[in-house]
Each structure stands twice: as C-alpha cells, then as structure tokens.
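Remarks on the structure that follows.
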Amino acid sequence: MKLIVGLGNPGIEYQFTPHNLGFLAVDRIAEQCGVVVNNRHCRAQTARTRIGEEDVVLAKPETFMNLSGQSVRELVEKYEAQPATDLVLLYDELDLPFGTLRVRPRGRSAGHNGVESVIGALGTQEFTRIRMGVGPDYPVGDGAKYVLSQFKKAQYPVVDEVLDVAAEAVRVILAEGVQAAMNRFNRKEEATSD
C-alpha cells in the first residue's frame, strides 16, 4: 500500500492558502481518480484508490500542520508502510519560486514545521517528497503570515497548473520511481548569460 499524504491545515479559512497546497494536490489526485477524500481514520481524511498498478491511500492529516507527524505515523503503522518506499509527502515550499515543483527522495525539513513533525514522528528523513514552490511573494520575515493568507485571484491559474504537475509527478513516482520523476520534474532554471 502506498501512502500519498498532503500537508495542510483543516478548516475552510485555510482551504485556499499557500500552506494548503499539499491538501489541494491530494484533492486533485482524488478528483482524477474519481474518489473523494472524506473517510476519517488515523486522524486524517482519507480515500482509497488505485493509481496505475498500485493500491493507494490518499490522506490529509487533520492534526494541523505542526502536528502532521502524529497522523502520518499512525497511517504508516496501520498500513505497515515503509516510509522510504511507500510514502510520498506533498507540501508547500517557501524556498522555491511560486509555481515550481521539486521531487526529492529524502532530506531535512528546511524549516517547514509540518515536515519537521513528520521526520520527528517517523524517526527518519528517508521518504519521498514533492515540494511545491510558493515563494517569494511576501515581505522579508513575513513568510508565516503569507502562507496562511488566501491566494490572490491572479495566482489561481498557476496554482491549478502546479496541482496538475504534482498529480502527474505522483503517477511517475509510482510507475517509474523517484529518480525518473526527479529527472522529469526537477528542471533547472534556464541559465542566463551576461
């Protein structure tokens, strides 16, 4: 069983904020699979589906961002999943330009409290993550306020596009592996010459 977990905060007031890109990505995957993420267990909203050849649980922890690890640990234990091979975590990343996406097989939290919680709860940094860029469209030192504010109307087309790319990245990870997804989705910025 593969676990596809998006990070975010429950509640309508957070629904369309940068910090909820993980939730939005899981909802996009669910929509493409014809399921709704509304079953409740392991302190998360979940749905079971099949993506390619894999049985999958889609999950959105309801523990609020900073305690996401509690729910993820319960999911990993319930489904006897191995984080390094069975878990894909989707979340927002302030350090990446808005609308970009990066796939990584492991790594530190880079100051993301939800990821820090997952690392702490699982006791490992060895799990696949899809980082969706939301920066830097905010005053310096104001990142926390920015990620909890509603997307601007002009940002929605880019959000829509990155959610589709994230869903495709999950499909590639499940079908071809993390390295193939990194090769396809981790494009370097065009080098500028002087």
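The values are calculated or read from the model by the stated rules, or taken from the named source; none is laboratory data. For clarity, every value in this text was computed on a predicted model and none was experimentally measured. Please note: Cβ atoms are built from the backbone with ideal geometry, for glycine as well, and neighbour counts cover all protein chains shown. In case anyone asks, the SASA skips ligands and DNA or RNA and just uses the protein heavy atoms, side chains included. Shrake-Rupley method; radii C 1.70, N 1.55, O 1.52, S 1.80 Å.
Among the residues of segment 1-38, those that are small (G, A, S) and either in contact (Cβ under 8 Å) with a residue 40 or more places away in the chain or in a loop (DSSP other than H, G, I, E, B) (or both) comprise G6, G8, G11, G22, A25, G34. With E116, E62, E77 as the choices, which residue is on the phi < 0 side of the Ramachandran plot and touching a Lys or Arg at 6+ places or on another chain (Cβ under 6 Å)? Residue meeting the stated conditions: E62. Name the residues in segment 47-76 that are of a type in the set (S, T, N, Q) and within 20 Å of I173 (Cα to Cα), would you? Hit for segment 47-76 is T49, nothing else. The single condition from (1) open to solvent by less than 10 Å² (accessible area, probe 1.4 Å); (2) out of contact with any Lys or Arg (no Cβ under 7 Å at 6 or more places or on another chain) that P105 fails is (1).
Looking for whichever is open to solvent by 40 Å² or more (accessible area, probe 1.4 Å), in a strand (DSSP E or B) and in contact with a Cys (Cβ under 9 Å, 6 or more places away or on another chain) here; the options are R73, R50. Which one fits? The unique qualifying residue is R50.
For (1) among the polar types (S, T, N, Q); (2) assigned to a loop (DSSP other than H, G, I, E, B); (3) modelled with pLDDT under 95; (4) open to solvent by less than 70 Å² (accessible area, probe 1.4 Å), each residue gets a yes or a no:
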residue	(1), (2), (3), (4)
T85	yes, no, no, no
G111	no, yes, yes, yes
G114	no, no, no, yes
R129	no, no, no, yes
M132	no, no, no, yes
F151	no, yes, yes, yes
A154	no, no, yes, no
R187	no, yes, yes, no
T192	yes, yes, yes, no
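Taking the numbered list (1) under 21 Å from L174 (Cα atoms); (2) open to solvent by less than 60 Å² (accessible area, probe 1.4 Å) in turn, G99 passes all entries but (1).
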